[in-house]
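Right, one structure below, let's go through it.
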Amino acid sequence: MLKWSELKRVSDVVLAVWPHYRPRFERWMMQELIDKGEFAPIWRGRMVPGENDRVLADHYPDRETAIAAANALNPTLQQALAARAIDPVIKRSLTLKVDKALQARQRLQDEEALMLAEALRRHADDERPDAAALKLVPDSERYRQELAEQLAKMPYLKVAKFGRTGNIWRYVLLYLGPDGVWSKPYPAGEKAAQTAERAKIANGFNLSASSHWGKTKSKIRQILLPRANQLLQLASVQRMLAEALARGERVLVSNGIVFWYEPDGGVGWLVKETSSTGESEGATIWKEGTIVSTNHGRLVVLPYVKENGEHVRGHTKNGPNDGRALPRHPNHYVEIPFHLYDGDLMIGLFGELPYE
């Protein structure tokens, strides 16, 4: 058995940590970002020492506990990086890479949490099937009750995962066929378990969990945008925006949604989306930066910092199929600071919207 004292990785420099959900094990596994010198930092599974020099995976039962653990450790790791006796240029570049890596993980999880919450809300009033009424092939009969329990929570599911026994993970997947009959059980490895996890989101929007995940989420964003526009009708949102405007805040960003105050023509508050350019994709957000708007584009590219430390201001634009964005008169060009809010804000606001 491998011992902690024998691990070579103990001497590696850890730059940051952040949890990653592993559907196959139904656990949030902590990952650590490792300094690789002249190469880019890499994420890997985090190990911790156990009793009697054992090596244990650093895992948590839920997202909240895992994130709390990461947030408790990361400031110490940031201080350690700041104290390192290395070239200041290299240190600055490394700090930006750490920020970029953490922001990418956080934004991804915040967005998927919003999508899951919306999938559940869309089907909150759906009829829940009775266990006896479910149609299963004979080989899947043993999963009838468990399937009914899953469908009681997510009646829209078309892929379901079963089979943990004690501390041993031996999972199988059932698929709902076009004839309304649940399939025979298929062994579930890492990829299949991930498909079942994605089904909790995708199936809620009547999309496939096995399609390209990036394209699927893009479709969900388009489905959610009309809902985001409805937020402007909520009294709580109107109050929040009025208070923000009183503080001089005209662009508020949370979970890919932008509340944008447009003074020209008495338009007032609008909803836009965040977007990116090839260069800004996954870059570190420059929170102190500004957005220079020379047009009325519906997409907002947030200010960002290149890995060489260069600061790039944000801008507005249209999507690839929108046509050219209506330009502003040069006298009406605006440079606006923006305010970034926690992703949970948008989840809470969406929760206030009723479904027809």
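The values are calculated or read from the model by the stated rules, or taken from the named source; none is laboratory data. Model, not experiment: these values are computed from the prediction. Note that each Cβ is placed from the backbone with ideal geometry, even for glycine, and that neighbours are counted across all protein chains shown.
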Among the numbered criteria (1) polar (S, T, N, Q); (2) within 30 Å of residue 173 (Cβ to Cβ); (3) assigned by TED's automatic domain parsing to the domain that holds residue 346, which single criterion is violated by residue 294? (2)
What's the total number of residues in the range 8-39 that are at negative phi, modelled with pLDDT of 85 or more and assigned to a loop (DSSP other than H, G, I, E, B)? 5
Within the range 244-261, restricting to residues that are of a type outside the set (A, V, I, L, M) and either under 16 Å from residue 342 (Cβ atoms) or in contact (Cβ under 8 Å) with a residue 12 or more places away in the chain (or both), the one that is surrounded by the most Cβ atoms within 10 Å (Cβ to Cβ) is 259
Here is a list of conditions, (1) free of Cβ contacts under 8 Å to residues at least 12 places away in the same chain; (2) in a helix (DSSP H, G or I), and residue 115 meets all of them except one; can you say which number that is? (1)
For residue 204, all conditions in the list (1) exposed (fewer than 15 other Cβ atoms within 10 Å of the Cβ); (2) touching a residue at least 24 places away in the same chain (Cβ under 8 Å); (3) among the small types (Gly, Ala, Ser); (4) farther than 21 Å from residue 22 by Cβ hold save one; what is the number of the exception? (1)
Which one of these does residue 76 not meet: (1) under 21 Å from the mean Cα position of the chain (by Cα); (2) modelled with pLDDT of 95 or more? (1)
By my count, strands (runs of 3 or more DSSP E) wholly in the range 269-356 with at least 3 residues that are within 19 Å of residue 221 (Cβ to Cβ) and modelled with pLDDT under 80 are none
Are there any pairs with C-beta distances below 7 angstrom linking a residue in the range 218-243 that is in the same structural domain as residue 255 (by TED's automatic domain parsing) and part of a helix (DSSP H, G or I) to a residue that is exposed (fewer than 15 other Cβ atoms within 10 Å of the Cβ) and at pLDDT below 85, with the two at least 6 apart or on different chains, and if so which? 236/352
What are the residue pairs meeting all of these: first residue in the range 160-172, first residue among the β-branched types (Val, Ile, Thr), second residue at pLDDT 60 or above, Cβ atoms under 7 Å, and 6 or more apart or on different chains? 172/162; 172/163; 172/185; 172/186; 172/187; 172/188
Yes or no: residue 63 touching a Pro at 6+ places or on another chain (Cβ under 8 Å), over 29 Å from residue 311 (Cα atoms), touching a residue at least 12 places away in the same chain (Cβ under 8 Å) and not assigned by TED's automatic domain parsing to the domain that holds residue 304? yes
